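First the structure, in the form of structure tokens, and then the observations on it.
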Amino acid sequence: MTDILEKYLFKSVSAWPLITLRVAFGALMTFGALRFWYYGWIEELYIKPTFHFHYFGFEMPILSEAGMYFIFMLFVLLSILFTLGFFFRIVAPLLFLTFGYIELVDVSTYLNHYYFVSIALFFFCFVPAARMLSMDALRKRESISHVVPAWTINIFLLQIGIVYFFAGLAKLHSDWLIEALPLKLWLPARAHLPLIGPFLENPIAAYIFSWAGCIYDLSIPFILLYKPTRVFGYFSVVVFHILTWILFPIGIFPWVMIFMTLAFFPPEAHAQFWKRITHAAGTAAATDSMSSGYKKLVSAMVVIFFTIQFLLPLRFFVLSENLFWDELGFRFSWRVMLMEKSGDVHFRVSDDCGRTYIVEPSQQLTKLQYTQMATQPDLILQYAHHIASLNSSDCAVTAIHAASYVNLNGRGSRPFVDPDINLLEVTDKGDRLSWLLPY
Amino acid sequence: MRTNHLIGIAIIALLFSSCKDKKEDETQTESFATLLIRTEADLIAPALSDFESAAAQFADAAAIFDVSTTAQNLTQVQEAFIDAYVAWQKVSQFRYGPATEFDILGKMNTFPTDYIQIENAIQSGLTSGLPNATKGLPAIDYLLFHQPNDEILAQLFDQSRKNYLLARITEVSTLATQYKTAWANGYKSTFVNADGPSVTGGLSLLANGLIEDYEQLKREKVALPLGLLTLGIELPEKVEGYYSQQSMTLILAQLDGVQNLFNNGDSYGLDDLLDARDAWHSPSNMLLSERINQQLDEARVALAFIISPLSEAIGTDPEIVENAYNELQQVVVLLKTDMISALGVSVTSTDNDGD
């Protein structure tokens, strides 16, 4: 055990892969934030909504319009400094906090991609990714060690492996493999694409993409780890992600993975690459000395963190009855592009003056918020409670019932939330299965 | 290594099959683009023409009334008005391109109309630079019907009032022509060629425009006056066509407009595309297109039970109106969840990872 830890966590290795990760990731963050701004999504996601769906029962303080733009300006500035490696030890945690704030404002904006970015930024808070090719290195007179303990790189590899592997496991599902859903619904709508377009309307295409995607996700971490297949593996990473980039509106995520998987290449490859374009100096041989206390701390943190990472995607086993339907344990589990789910919901409100009326949330929420809420039970519950808090009449709201229908993977709409249940009597921690109708 | 080979095989299979199946697929791809081409040619263009000519006839009747202000000519104007209002109900589904460019929905049909502002404008002789709530069809509805006909006729001998009315009618007819022309010259090809599933793609515009229009029918024309959205307080003055008492005619015309757009008559419509995609409604065990048509028909039957005018039925038979609302709501579910999923156009403008 200690041998394994010694080898994978504390062996001295060259820091060059971390340099690649820092520069590529930082540049993508900068680009991603500017793109987000350019498309008007700051307005759309953070300024327009008058109500935000909160995570885990706590509400983030919502900033004013100017405040939100300031946060994004700060984010762009920090990403640039991050890329350049300027005061990296301070900039990386600040960038993590800024991004974390943006992500925690509203659950309806949750994307697994952003969750992955958050984790990567969390890692960067602890790893010396600005040892070389950085403003910090230029600033410091004395020569800095070019070697780092192996864990600083391996945590990235393990995390990327987890993302792929669990995304693949999630695809071992009869809808995905046997019925080629939801790709059978999505691909024909892309029939306008040149070259592959006509083929996409053929159901065979959905099967090929479903199976290839599943096999790819499950196997790619190992293909990238194994030296003889690594170059082929990376080639398929590029092909796979560019294909998904063409087919689906998934933003910069394909590029995040294309760049992050570069970390699987050995340090020499990175060193060679950077030396060729920058004429950087040779590697210093000095090794960081590591105390046993340090080793214990790092080992403990790595083991705890990744145990959680392994358990989170599996928590649905104990929580959920039908994961796609109740979504108990769906988030933070690397379930991407996995189902087509659309819904319609409105609320019937009763008060103690004997009045009954309807609240149509599609009038008060943005389109994104509404479409997300309509299929996610916890958000429906949150909004029901919000309606009660909005009440300004003299009569107290006594009951809120949801009239909701959801279509899962194109199988026809079915009633979703039990219309007979008063959602005001359900607390956030209530048992979801008791107020959701069975699929 | 084995998985390695599998991927290789999959990629090769993909390349091969894309060559092999090409012929067969071309007809299918046609069906995808055909929907936009046929809908534009067989439904949108004719509906826009109908609306334009109805608006033109309305303007003609008004011109005659202007010269010869008689009770008989007033009735002619009123009849032409209702025809134009009915024709409008069949073009309000195209809520994109020229519609947004000209703010056609706001200018044509903002109701309830603001009669206090209208009266003020008439008093001060103002005919232009007015907000949407003082113009369009609902304003004309007020001017032509808010009193018994002999009173209306007497009022319209006031030149300022007549000028205001004529300016509104000219506006409607000019806008109808602009709307049609903008489609014919330019937007038509933009629409037909805007394929793909993005929010700006033709299929997404078509489907989402249809849903938005239908939801407006359900919400603003039925639920709101009935008081369903307002603590149960009935708001009969919020019905469409309040003064002419034509609410039910207009609602039924819009329902026809929605259903015609869905089926595109005997031509290639959303119903055919859904059938081509084998869209099935499993809870009722029938084709989704059939289920949607069935529910639209049920909504129509439920609406037919309402004794016109709607503004009075709300007070006398609220449960009949609410029943119609419930039937209308059933269609919303089918369109918004089932149709959208089956067409693969459930996209938002932001990034997505499908969860």
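Close amide H partners of B:L287, meaning residues 5 or more places away or on another chain with modelled amide H under 5 Å apart, are B:H281.
Summarising the label geometry, the points placed 7 Å from Cα in the beta-carbon direction at A:A66 and A:L195 lie 5.0 nm from one another.
Per DSSP H run of at least 4 residues, take -39500 (n - 2.57); add these up for chain B, divide by its residues and hand me the 222 nm value, nearest 500 deg cm²/dmol. It would help to have the intermediate numbers written out before the result.
On the way: 18 runs with 227 residues, N = 355.
Theoretical 222 nm ellipticity from helices: -20000 deg cm²/dmol.
By definition, a body whose alpha carbon gyration tensor gives a ≥ b ≥ c is prolate when a/c is 1.5 or more and a/b is larger than b/c, and chain B fits this prolate description. Which of A:F259, A:F126, A:F99 moves most in a GNM of chain A, Cα contacts under 10 Å? Fluctuation is largest for A:F126. Placing A:V302, A:V127 in order of accessible area, with the largest value first and a 1.4 Å probe, yields A:V302, A:V127.
Using Cα-Cα distances under 8 Å and only pairs 6 or more residues apart, what relative contact order does the range A:236-362 have, in percent? Intermediate values should be presented prior to the final figure.
On the way: 58 pairs, mean separation 12.1, N = 127.
Relative CO of the range A:236-362 lands at 10 percent.
Taking a ≥ b ≥ c as the square roots of the eigenvalues of the Cα gyration tensor, the range B:48-165 is classed as oblate, since a/c reaches at least 1.5 and a/b does not exceed b/c.
Heavy-atom accessible surface of the range B:113-261, averaged per residue, reaches 37 Å², computed with a 1.4 Å probe. Of the DSSP H helices in chain B, those that are both long (alpha-carbon extent of 20 Å or more along the helix axis) and hydrophobic (Kyte-Doolittle mean at least 1.0) are B:2-20.
Could you look at chain B and say what percent of its accessible area is carbon and sulfur, using a 1.4 Å probe and all protein chains?
On the way: 7700 of 14240 Å².
Whole-percent figure for carbon plus sulfur exposure: 54.
Peptide B:201-211 shows a mean partner chain C-beta count of 1 within 10 Å per residue C-beta.
Grouping the Cα pair distances of the range B:230-272 into 5 Å bins from zero gives a pair-distance distribution of 5, 20, 16, 14, 14, 11, 10, 7, 2 percent in increasing distance order.
A Förster radius of 60 Å combined with the Cβ-Cβ distance from B:S68 to A:L433 puts the calculated FRET efficiency at roughly 0.25. What is the range B:194-345 by shape, rounded, prolate or oblate, if you read a ≥ b ≥ c off the alpha carbon gyration tensor as root eigenvalues and call it rounded for a/c under 1.5, prolate for a/b larger than b/c, and oblate otherwise? Note, shape of the range B:194-345 comes out prolate.
Based on the Kirkwood radius over alpha-carbon pairs, what value in µm²/s does the Stokes-Einstein equation return for the translational diffusion coefficient of the protein assembly as shown at 20 °C and 1.002 mPa s?
Values: Rh = 29.8 Å.
D, rounded to a whole number, is 72 µm²/s.
As an exercise, use a Förster radius of 60 Å and the Cβ-Cβ distance of A:R276 and A:F306 to find the FRET efficiency, rounded to the nearest 0.05. Walk me through the numbers before you get to the answer.
Details: r = 35 Å, r/R0 = 0.58.
Using R0 = 60 Å, I get an efficiency of 0.95.
Per-residue mean of other chain beta-carbon atoms within 10 angstrom of the beta-carbon, peptide A:196-208?
Numbers: counts 3, 6, 12, 11, 5, 11, 7, 2, 5, 5, 0, 1, 6.
Average per residue, whole number: 6.
Over chain B, what is the mean sequence separation of C-alpha contacts under 8 Å (at least six apart), divided by residue count, expressed as relative contact order in percent?
Computed value for chain B: 19 percent relative contact order.
When chains B and A come together, the accessible area they lose, probed at 1.4 Å and totalled over both chains, is close to 5200 Å². The long axis of helix A:88-104 is offset from the longest Cα principal axis of chain A by roughly 10 degrees.
If you average the sequence gap of Cα pairs under 8 Å that are 6 or more apart and divide by the length of the range A:2-316, what percent do you get for the contact order?
Details: 332 pairs, mean separation 80.1, N = 315.
Worked out over the range A:2-316, it gives 25 percent.
The angle separating the long axis of helix A:227-247 from the principal Cα axis of greatest extent in chain A is about 40 degrees. Take each residue of peptide B:172-184, count the partner chain Cβ atoms within 10 Å of its Cβ, and average: the result is 0. The angle between the Cα long axis of helix A:267-278 and the longest principal axis of the Cα atoms of chain A comes to about 80 degrees, rounded to the nearest 10. Comparing the full protein assembly with the isolated chain, the residues of the range B:28-68 losing at least 20 square angstrom of accessible surface (1.4 Å probe) are B:Q28, B:T29, B:F32.
Express the carbon and sulfur contribution to the solvent-accessible surface of chain A as a percent, rounded to the nearest whole number, probe 1.4 angstrom.
Values: 12770 of 18890 Å².
That fraction is 68 percent.
The values are calculated or read from the model by the stated rules, or taken from the named source; none is laboratory data. Model, not experiment: these values are computed from the prediction. Positions of Cβ are backbone-derived with ideal geometry, glycine not excepted, and every protein chain shown enters the neighbour counts. Side chains included, ligands, DNA and RNA excluded: accessible areas come from the protein's heavy atoms. Shrake-Rupley method; radii C 1.70, N 1.55, O 1.52, S 1.80 Å.
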